[in-house]
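Okay, so here's the structure we're looking at.
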Amino acid sequence: MSDQSQLNENSKKQSLDTVRENAEKQYLTTNQGVRIPHTDDSLKAGERGPTLLEDFHLREKIMHFDHERIPERVVHARGAGAYGYFQVYESMAEYTRASFLQNPAEKTPVFVRFSTVVGSRGSADTVRDVRGFATKFYTSDGVFDLVGNNFPIFFIQDAIKFPDLVHAVKPEPDNEMPQAATAHDTAWDFFSLLPEATHMTMWLLSDRALPRSFRMMEGFGVHTFRFINAQGRARFVKFHWKPALGAHSMTWDETQKMAGQDPDWLRRDLWEAIEMGDYPEYELGVQLFEESDEFAFPFDILDATKIIPEELVPVRRIGKLTLNRNPDNFFAETEQVAFHPGHVVSGIDFTNDPLLQGRLFSYLDTQLIRLGGPNFAEIPVNRPLAPVHNNQRDGYMRQTINTEKASYFPNSLSQGCPMLAPESAHGYVHYSEKINAPTVRTRSDSFKDYFSQATLFWKSLSPAEQDHLVAAAHFELGKVESRAIRERMVGLYAHVDHDLARRIAEGIGVNIPQDNPRPGVLPPQGRRSVERSAALSLENSAKNSIKSRRIAILAADGVDEGTIQNIKKALEERGAHTTLIAPRLGTIKGKSGQELAVDQSSPTTSSIMYDAVFIPNGQQGIDQLLKQGSARHFVAEAYKHGKAIAAIGEGIELLKQVDIPNLSLSGTSSNGTLVNAAGVITAQKTSDFQALAEQFAQAIAQH
Ligand code: HDD
């Protein structure tokens, strides 16, 4: 039975204390606890003789090592996780009886795992891909898993197509290439033959597939679920995660370079942010609507390839997720965490979305092969905080020691326990939906409008986002060898928007097919719909803060240390982090002789790892930087990627030496600074520093 007062933010952490191990001041032992005095040589018959079978320490050490690996997840293999808590803003009792959505004073512990989908465990973080956003709520009524993505829709409408989808997008079977990429023939062959995937491919080609950070990424439950309140009344609900820092992306060029320079970029960003106390935050949003509105929209609410535009059903923000603790052990926690959309709690229920229904089957299966048996719920990270009592027994790696004689129900030997929980004791009662229908293997016509929402997405993007999407299509489809596949894809995009198809076709050597019948059906007329949706464009995302942004300060012996201290102070006061980059590690000497500690040497870092660049004054220092190709490259590359750049005094000289077309560096505004349209800010005089710092911060916030 649940007792909410027992749970708090630290409940999960405390529950893990019993299994945490720390070897500080302890002796080395075998797994049987036998102390070991020597672990560098095996037991031999003579110094140069054969190794002996009786060396149990050697045998055990090698045996364990030989079995360290488990199968990686068939999809979402690469990921990073963190613990935190969720807190609802006000009671949602009117809509749901879910215990963790009742009491604003209660903090429900959570574990979140972010992931890429296609790549294997060792692949790069910044590839073009969907990102997983899976949240495990350890509620007082049991575990609720919200297993979502950073896109609000999916490729396919029915789970039976999932193996086909994954086979198509994974590396090709003959040579296992390319890794973590959809830019190849089998992926686009499949998409080109499956019009229902067209909407999702547009998201995949958009900047959404290149998040700047897991902390700057939206999340979506994708399917329509149900909320059920204590009176048994149901409403439909769609789940959203809205990041406090807004949703932001990298450029394609940055992500490609990052895949080589720091393949762990997103994982590292999450880890470091938590270590530095920049706790990632996301608001939980819900789109709630009445059951009577099931057929109010021009699309089917059971079709996972459709969004419900926020203009039709607004997103109500109902609570906040805060991630504040990194795991202690990647394998034990992040690798062994097992999510399942079927892990729901009283007050949350499913709908007949055929993609969701298939998922309910799949996730338990996959844990059996991945984690080696049916007892994976006993792995510490997976254990609910709500008590577990049932008649399930045995199996590989069973941890629980059940002490009752009876492991069946009904029984009298254990006084009928564990006893059945009525609804009043938070027993999970399934929503009772009346179904009277023939058995069919078919797709409802209401799922067959494949293009309207792809058009909505395209029209809602800003011109710059549209350009990026077209460029991404040139890359992805440019890698497709089969001309017929490229042509079919352009044929599908022609049904989304003719201009889009024409622009894509131009870059991939094909024409829009002449004979191009539109597959599917047109949407029903006269229902509530929208032409554009502001929430679909990243340009409308929050741009009011530079919190946790990374700013590079380029420096060398002879720069003005006063300016460096001032810019560090000005940016750090606003929550950003600065990195002093110099030609070598150690310290540099400022123009007044003061020593400054160098954070990174130029060979070990690059502009793609920063959100903005600052170039200080100080003639000698700038002269030194000018001699360095790497400093010029740093600034030129930052400019190319649209980063904010600020230079003061002699620092402007470095900007002038960088080949930046059409960049005017002459003239000043009334406050002494010059703000260039492309986010370059300069001030000739150090007395104008304050105005420069203010404008620099504003430019960084614009992303
Ligand atoms: Fe899935 C993992 C999200 C459709 C079968 N999925 C997985 C993860 C996420 C999603 C975030 C990683 C969880 C973790 O971090 O451990 N999946 C989705 C979303 C979908 C979706 C948002 C559509 C709306 N998935 C989907 C379908 C099927 C699966 C239709 C099968 C019928 N998914 C799996 C899986 C995985 C998985 C094979 C691999 C590892 C795992 O489950 O634990 O069972």
Tally of residues being open to solvent by less than 60 Å² (accessible area, probe 1.4 Å) and in contact with a helix residue (DSSP H, G or I) (Cβ under 6 Å, 6 or more places away or on another chain) across the range 383-403:
1
Give the residue, chosen from Phe634, Phe614, that is in the same structural domain as Ile652 (by TED's automatic domain parsing), surrounded by 20 or more Cβ atoms within 10 Å (Cβ to Cβ), outside any strand (DSSP E or B) and within 35 Å of the chain's Cα centre (by Cα).
Phe634
Considering residues that are under 17 Å from Ile700 (Cα atoms) and assigned to a loop (DSSP other than H, G, I, E, B), the number found within the range 593-611 is 2
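Which residues, counting only those in the range 558-592, are assigned to a loop (DSSP other than H, G, I, E, B) and open to solvent by 60 Å² or more (accessible area, probe 1.4 Å)?
Residues of the range 558-592 that are assigned to a loop (DSSP other than H, G, I, E, B), as a first pass: 558-560, 574-576, 583-586, 590-592.
Answer for the range 558-592, where residues must be assigned to a loop (DSSP other than H, G, I, E, B) and open to solvent by 60 Å² or more (accessible area, probe 1.4 Å): Arg574, Arg584, Leu585, Lys591, Ser592.
Residue under question is Leu356, and the condition is that it be open to solvent by less than 50 Å² (accessible area, probe 1.4 Å), within 24 Å of Val110 (Cβ to Cβ) and within 14 Å of the ligand (Cβ to nearest atom); does it hold? Can you show your working first?
Details: open to solvent by less than 50 Å² (accessible area, probe 1.4 Å): yes; within 24 Å of Val110 (Cβ to Cβ): yes; within 14 Å of the ligand (Cβ to nearest atom): yes.
Yes; evaluated as a whole, the condition is true for this residue.
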For the range 544-557, which residues satisfy the criterion of being open to solvent by 50 Å² or more (accessible area, probe 1.4 Å) and out of contact with any His (no Cβ under 6 Å at 6 or more places or on another chain)?
Asn544, Lys547
Residue under evaluation Ile62, criteria (1) β-branched (Val, Ile, Thr); (2) more than 20 Å from Leu210 (Cα to Cα); (3) touching a Ser or Thr at 6+ places or on another chain (Cβ under 7 Å), criterion not met
(3)
For a quick check of your reading: which strands (runs of 3 or more DSSP E) sit entirely within the range 639-703 and have at least 1 residues that are within 18 Å of Leu626 (Cβ to Cβ) and not basic (Lys, Arg)?
644-648, 680-683
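Residue by residue, here is whether (1) open to solvent by 40 Å² or more (accessible area, probe 1.4 Å); (2) aromatic (Phe, Trp, Tyr) holds:
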{"position": "Ser407", "(1), (2)": "yes, no"}
{"position": "Gly416", "(1), (2)": "no, no"}
{"position": "Glu433", "(1), (2)": "yes, no"}
{"position": "Val440", "(1), (2)": "yes, no"}
{"position": "Phe451", "(1), (2)": "no, yes"}
{"position": "Pro463", "(1), (2)": "yes, no"}
{"position": "Leu469", "(1), (2)": "no, no"}
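Given the residues Asp164, Asp145, which is the only one that is within 15 Å of the ligand (Cβ to nearest atom), of a type in the set (D, E, K, R) and in a helix (DSSP H, G or I)?
Details: Asp145 fails: in a helix (DSSP H, G or I).
Result of the check over Asp164, Asp145: Asp164.
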Any residue at all in the range 173-180 that is of a type outside the set (A, V, I, L, M) and within 16 Å of the ligand (Cβ to nearest atom)?
no
Considering only residues that are among the acidic types (Asp, Glu) and under 27 Å from Ser123 (Cα atoms), look in the range 41-87 and name the one that is farthest from the ligand (Cβ to nearest atom).
Asp66
Only one of (1) part of a helix (DSSP H, G or I); (2) within 30 Å of His340 (Cα to Cα) does not apply to Leu58, and that is (2)
If you scan the range 31-60, which residues turn out to be open to solvent by less than 80 Å² (accessible area, probe 1.4 Å) and hydrophobic (A, V, I, L, M, F, W, C)?
Val34, Ile36, Leu43, Ala45, Leu52, Leu58
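Out of everything in the range 363-377 that is surrounded by fewer than 16 Cβ atoms within 10 Å (Cβ to Cβ) and in a helix (DSSP H, G or I), what residue ends up being nearest to the ligand (Cβ to nearest atom)? I'd like the intermediate steps shown before the answer.
Within the range 363-377, the first condition is being surrounded by fewer than 16 Cβ atoms within 10 Å (Cβ to Cβ), and the residues that meet it are 364-365, 368-369, 372-373.
Retained after the next criterion (residues that are in a helix (DSSP H, G or I)): 364-365, 368-369.
Details: Leu364: 8, Asp365: 7, Leu368: 11, Ile369: 10 Å.
So, considering only residues that are surrounded by fewer than 16 Cβ atoms within 10 Å (Cβ to Cβ) and in a helix (DSSP H, G or I), the one nearest to the ligand (Cβ to nearest atom) is Asp365.
Got a number for residues in the range 88-138 being of a type in the set (Gly, Ala, Ser) and more than 16 Å from the ligand (Cβ to nearest atom)? Let's see the steps before the verdict.
Of the range 88-138, the ones of a type in the set (Gly, Ala, Ser) are 91, 93, 98-99, 105, 115, 119-120, 122-124, 132, 134.
Now restrict to residues that are more than 16 Å from the ligand (Cβ to nearest atom): 91, 93, 98-99, 105, 122, 124.
Going through the range 88-138 one residue at a time, the tally reaches 7.
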Contact list, first residue from the range 18-45 and under 22 Å from Gln399 (Cβ atoms), second anywhere and assigned to a loop (DSSP other than H, G, I, E, B) and not acidic (Asp, Glu), beta-carbon distance below 7 Å, six or more apart or interchain, is Thr29/Ile36; Thr30/Ile36
Just to be sure I understand the filter: pairs with C-beta atoms under 6 Å, separated by 6 or more residues or on different chains, first member in the range 80-104 and within 16 Å of Gly347 (Cβ to Cβ), second member part of a strand (DSSP E or B) and among the polar types (S, T, N, Q). Which pairs pass?
Phe86/Thr108; Ser99/Thr139; Phe100/Thr108; Phe100/Thr139
Kindly provide the set of residues from the range 192-216 that are away from the ligand (no atom under 12 Å from the Cβ), under 17 Å from the mean Cα position of the chain (by Cα) and aliphatic (A, V, I, L, M), ordered by number.
Leu204, Leu205, Ala209, Leu210, Met216
Matching residues, the range 290-316, being open to solvent by less than 10 Å² (accessible area, probe 1.4 Å) and over 25 Å from the mean Cα position of the chain (by Cα):
Phe297
Scope the range 436-464; condition farther than 24 Å from Met200 by Cα and in contact (Cβ under 8 Å) with a residue 12 or more places away in the chain; matching residues:
none
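Return the residues of the range 61-90 that are assigned to a loop (DSSP other than H, G, I, E, B) and more than 28 Å from the chain's Cα centre (by Cα); say none if nothing qualifies. Show your work before the answer.
As a first pass, look at the range 61-90 and keep what is assigned to a loop (DSSP other than H, G, I, E, B): 67-78, 89-90.
Scanning the range 61-90 gives a single hit, His67.
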For the range 343-350, indicate whether the set of residues that are more than 16 Å from the ligand (Cβ to nearest atom), closer than 19 Å to Val143 by Cα and among the charged types (D, E, K, R) is non-empty.
yes
Do we find that Thr135 is in contact (Cβ under 8 Å) with a residue 24 or more places away in the chain, assigned to a loop (DSSP other than H, G, I, E, B) and either in contact with a His (Cβ under 6 Å, 6 or more places away or on another chain) or open to solvent by less than 10 Å² (accessible area, probe 1.4 Å) (or both) in this structure?
no
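The values are calculated or read from the model by the stated rules, or taken from the named source; none is laboratory data. This one's a predicted model, so the numbers in the text were calculated from it and none came from an experiment. In this analysis, Cβ positions are derived from the backbone assuming ideal geometry, glycine residues included, and neighbour counts consider all displayed protein chains. All accessible areas refer to the heavy atoms of the entire protein, side chains included, with ligands and DNA or RNA removed. Shrake-Rupley method; radii C 1.70, N 1.55, O 1.52, S 1.80 Å.
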